[in-house]
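Heads up, the thing below is written out as structure tokens.
The values are calculated or read from the model by the stated rules, or taken from the named source; none is laboratory data. As the structure is a computational prediction, the values presented were derived from the model and not from experiment. Virtual Cβ from ideal backbone geometry, glycine too; neighbours counted across all protein chains shown. Just the protein is used for accessible areas: all its heavy atoms, side chains included, with ligands, DNA and RNA removed. Shrake-Rupley method; radii C 1.70, N 1.55, O 1.52, S 1.80 Å.
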Amino acid sequence: MALTTAGVPSPRVPVEGPDASWYERVLGWSVVAGSPARLVTGSRFDVLELPSDAGAELLRRPVATGPVALAGRRMRFLVAAGGAEELEGLLDWLEWGGVALDLTALGEGGRITAPVPPGQPPGPRGAAVWLRPPEQGCEALLPALPGHGQGAGPARGPDLVRLVAAAATECHRARLRRRTSRSRQPLVFS
């Protein structure tokens, strides 16, 4: 690390190089440069975000997803742009409204930390990583509502309703597992 003349570390150089340029050049995604680079949500994709334990169970289910990233203890599932604004209504329609699920969505104006692009050396410990990386043109196959331009079915892309239903179920199950594991602690008698 370089030091300034006052003995203070010089500022870190923003990540604008290979990470940011890969997202812009290969995928055509908007990137906010900085350290780390951030991907802009709402135009090419939205994000469903849930706890990583629930996300891991969701990935084991036979539910079609798009690209998936892990950032700390949160898993991020990319969905078609506009999907974030549908989350609350879908949860109500699926009868999950009012249940604390820890399932959120990022849409227009949101930002997520850009995972290290596929094939690049891993970032620092705890940096965002792709579990299912994006490919050029993947937006056409992101989970969407039928009739929302993307459609459903194997030829047109995954169904957002099925993904949200499965995500809500796994968020609820993970919450119950966490609560149960805390309550199983041995009792101490004096």
Order the peptides 45-55, 128-138 from the highest to the lowest mean number of other Cβ atoms within 10 Å of their residues. 45-55, 128-138
Calculated from backbone phi, Karplus (6.51, -1.76, 1.60) coupling profile of region 102-118 in Hz, x at Gly/Pro: 6, 10, 10, 9, 10, x, 3, x, x, 8, 10, 5, 6, x, 4, x, x
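Rounded to a whole number, what % of the accessible area of region 77-124 do carbon and sulfur atoms account for, probe 1.4 Å?
Numbers: 1280 of 2560 Å².
Roughly 50 percent, rounded to a whole number.
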Considering only protein heavy atoms, with the full assembly of protein chains and a 1.4 angstrom probe, order THR65, THR104 by accessible area, largest first. THR104, THR65
